[in-house]
Amino acid sequence: MAIRFDASTGTFTIHTANSTYQMKVDEQGVLLHTYFGALADDSDFSYLIVPEDHGFCGQPAEYKGERVYSLDFCPLEYPVCGTGDYRITALKAGPEGRTPALDLRYFSHRIREGKYALPGLPALFAKAGCGAQTLEIVLKDLYEEIYVTLYYGVFDGENVIARSAVVENRGKAPATLRRVMSMGLDFPDGDMDLICFHGKHVGERQYERSALRHGITQISSTRGTSSHQMNPYVIFCGKHTTEETGSCCALSLLYSGSFQIQAEVDQFERLRVVCGLHEDEFSWTLQPGESFAAPEAVLAWSENGFEELSLSLQRTYHDHLIRSVWKDRKRPALVNNWEATYFDFSGERLLDIARRAAEIGVDMLVLDDGWFGKRDSDHSGLGDWFVNEAKLGCSMRELSRRIGELGLRFGIWMEPEMVSEDSDLYRQHPDWALTVPGRDPNRCRSQLVLDLSNREVIAYMKRSLDALLACADISYIKWDMNRSVDNVCSAANPQLSQGAVRHRYVLGLYEVMEYLHDKYPELLLEGCSGGGGRFDAGMLYYAPQIWCSDNTDAIERLRIHYGTSFGYPMSAVAAHVSACPNHQNGRVTPFWTRGICAMQGSFGYELDLSRLTPEETAEAGRQLAVYHQYYELFLHGSYYRLSSPFENHDFTAWSYVAPDRACASLSIVYTDLHGNARPRRVRWRGLERDARYRLKCVLGTAADAGTYTGAALMQGGMAVPKPECDYDSCMMIAERVGL
Ligand code: DGJ
């Protein structure tokens, strides 16, 4: 890792463990982007920018009469609207009431030890004992006292570059920001594929790879959340890049609200990428002396395919993003009562589940929706965070005490950002809900969104959380959010643009989550938004795990987990065994397959354990024994995608390899059956070549499979055991037995 400035060439060169990134201040003070790719050296790569008159590419004022230099042609580090660059830009801003135009030129720079922070926003940090460096480059408009500081952060031994931009108004009059992207990136070659992770409720992060075309491709959300529909994480890659070969670049945004990633292939087949807050309806007034920070974006590069890319990002997010004390602790195997009871429960029913849970080795019971206010359906009660003791038959303290006596911890569900119109909170504070004056608001799940740009609402949320956490022994909160943000107008701040309210909403959310993080460090916070509607890197700064999807079907989860694994650590994926026929799609799968699939993350159950058959109870006990024995492997192991559920329609396989490579798991789930089926094999990854590994089947229907060298298992592979029923599966463990 190193950041270097070469005054003789004006180049800033950043080296990560496996990549190099370079910018150059040219003669006019324009910050050019000169290189991003495989590890190179400090050479000045600007020789690759060949001046030429390209026609209809205008010149800055200094170049009157000369036509070979154009900001519409040069690769730029942070392109700005108003300079004759017709490609997508990172910044559209200017003095209030005037045409948005800035012409940013180099002003100063600073290289310092440590990683920069972004107050109020999630940002990577240097973990203890790990060196980090920050580069700050300050650009200034040629005409106005408007400054932009570009931030770059790198860490010893890591492959990522963190970036952000802060706009500052040092002038005497207000400025207006209409678009502030976290970063821009110009690639010399646009002949690339884009991989995005699209989806829907109950079907998040579906992998999709397509060729980039001329023009602008947009990956975005305007829902006020990062969304089920598009994830703020994409990959740009070569046409032939695979899991293990080829170049690829990951771009991940640490933000949980509306976002925008744009990729433009220009007239010369080059690619420009910008990424940051969604610009729709966005307008932000910057008073003299104020500044605006764009959320952090993270870049990673790999020359060795997606596997290396994902492993880099997963490791970085584990080490430098997730802060919770739980990140390295065994996550409790929990049982959540949602799909077991929905709203129809009593304290006694919960205790029945808890008793069986304790017998088979579950660590925690989570009480989901319906314990508060008047909440027996999803039409009422949100906002009234006081315990419905009549429904529980006792106080929350008493319930948690009795659950504790069984040896279980106790967790609880909340949806703090929402309000039902049928609630005391709404009756007292109708103006706390986002609504457009004079218009009947759009409802979703019969609820409205609280206005988190209003400080009174933020204070109420903090008070509600304090009161709840004081009323019982609560170890965990599942923080849910069950609609997209709409009717965006703040009664407290009616002058704000919709985009500004959306951003202030996210800042308010982060403020409350930061409050929880600081005040209750031992609390395990699980993120959720109707499943994985807010599964993003920003959320991981506050919550070490996120309910991955409301789809609990093991087979559909294969695709969801596969997509999620490209950009996020698998320890962040909350996954549960649920009942069959599955409540979302009616599919029936073997109980062991549901357990194997749910062991791709933070494991638990989402069914009524007290109503399992004796066989199912025994199988759940086996699953829990495996989870308890191998949790370190699932928490700290490297995760390998061994086949793609989008391409291989017969089976999906994945594995975990322990950091010391002494132990590994490999799971296979069959997704189709054939008579006289073709023999298949699957190659392990990440093992020690010369070590010998003994294979044993710990879950599912395969037999133990002998002892082999790591080289044999990785190059020759393992024969895929023959399935015995629909959606059969197995989990194999490889234990190193000596050289
Ligand atoms: C949506 C969540 O994703 C579910 O797991 C459950 O908590 C419900 N909300 C409760 O309303």
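The values are calculated or read from the model by the stated rules, or taken from the named source; none is laboratory data. Please read these numbers as outputs of a predicted model, since none were measured by experiment. Because the Cβ atoms are built from the backbone with ideal geometry, glycine has one as well, and the counts that use them run over all protein chains shown. All accessible areas refer to the heavy atoms of the entire protein, side chains included, with ligands and DNA or RNA removed. Shrake-Rupley method; radii C 1.70, N 1.55, O 1.52, S 1.80 Å.
Listing for the model above:
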item: In the stretch 641-733, the chymotrypsin sites (Phe, Trp or Tyr not before Pro) that fall in loop regions by DSSP, at most 15 other Cβ within 10 Å; result: PHE646
item: Residue-by-residue Karplus 3J(HN,Hα) for the stretch 334-345, coefficients 6.51, -1.76, 1.60, Hz, glycine and proline x; result: 10, 10, 10, 8, 4, 6, 6, 10, 6, 7, 9, 9
item: Cβ-defined net charge surrounding SER420, 14 Å radius [Lys, Arg +1; Asp, Glu -1]; result: -4
item: Shape call, the stretch 123-221: gyration tensor on alpha carbons, a/c limit 1.5; result: oblate
item: Carbon and sulfur %, accessible surface of the chain computed with the full protein complex present, 1.4 Å; result: 49
item: Kirkwood Rh and Cα Rg combined as Rg over Rh, evaluated for the stretch 296-358; result: 1.26
item: Dipole magnitude of the stretch 591-739, debye to nearest 20 (Cβ charges: Lys/Arg +1, Asp/Glu -1, about Cα centre); result: 640
item: Rounded if a/c under 1.5, otherwise prolate or oblate - the stretch 3-320, Cα gyration tensor axes; result: rounded
item: Peptides 491-503, 713-725 ordered by average Cβ neighbours within 10 Å, highest first; result: 491-503, 713-725
item: Segments 55-63, 291-299 sorted - mean Cβ within 10 Å per residue, highest first; result: 291-299, 55-63
item: Approximate shape of the chain as ellipsoid semi-axes (Cα gyration tensor, √5λ), whole Å, largest first; result: 44, 34, 21
item: Dipole in debye (nearest 20) - the chain, about Cα centre, beta carbon charges: Lys, Arg +1; Asp, Glu -1; result: 940
item: Normalised contact order of the stretch 201-263, rounded percent, pairs of Cα under 8 Å and 6 or more residues apart; result: 40
item: Selection from TRP432, ALA175, SER602 lying farthest towards where the dipole of the chain points positive, charges on Cβ; result: SER602
item: Simple Cβ-charge dipole of the stretch 325-636, Lys/Arg +1 and Asp/Glu -1, about Cα centre, in debye nearest 20; result: 420
item: Selection from PHE345, THR16, THR671, by position along the positive dipole direction of the chain (Cβ); result: PHE345
item: By average C-beta atoms within 10 angstrom, highest first, the peptides 325-332, 255-262; result: 255-262, 325-332
item: Helix 498-519 vs. the chain, principal-axis angle (Cα, 0 to 90°, nearest 10); result: 50
item: Beta bridges per DSSP with both ends in the stretch 325-636, % antiparallel, nearest 5; result: 20
item: Centroid-to-centroid separation of the stretch 308-350 and the stretch 15-41 [C-alpha atoms, Å]; result: 39
item: Mean residue ellipticity (222 nm) of the chain, computed from DSSP H runs ≥ 4 via -39,500 (n - 2.57), nearest 500; result: -5500 deg cm²/dmol
item: Mean Cα-pair separation over length for the chain, i.e. relative contact order, pairs under 8 Å, 6 or more apart, %; result: 10
item: Sequence-separation-based contact order of the stretch 3-320, relative, with Cα cut under 8 Å and 6+ spacing, percent; result: 17
item: Given charges at Cβ of Lys, Arg, Asp, Glu: the stretch 325-636 dipole, positive-most of TYR542, LEU399, LEU635; result: LEU635
item: Helix 347-360 axis, angle to the chain major axis (alpha carbon atoms, nearest 10°); result: 90
item: Surface accessible to a 1.4 Å probe, per residue, for the residues of the chain, Å²; result: 36
item: Bridge type composition, the chain - antiparallel percent by DSSP, nearest 5; result: 80
item: In degrees, nearest ten, helix 305-320 long axis to first principal axis of the chain (Cα); result: 80
item: Cleavage-rule hits, GluC sites (Glu not before Pro), the stretch 474-576, DSSP coil, Cβ neighbours within 10 Å at most 16; result: GLU522
item: Enclosed volume per residue, in Å³, of the convex hull spanned by Cα atoms of the stretch 203-264; result: 93
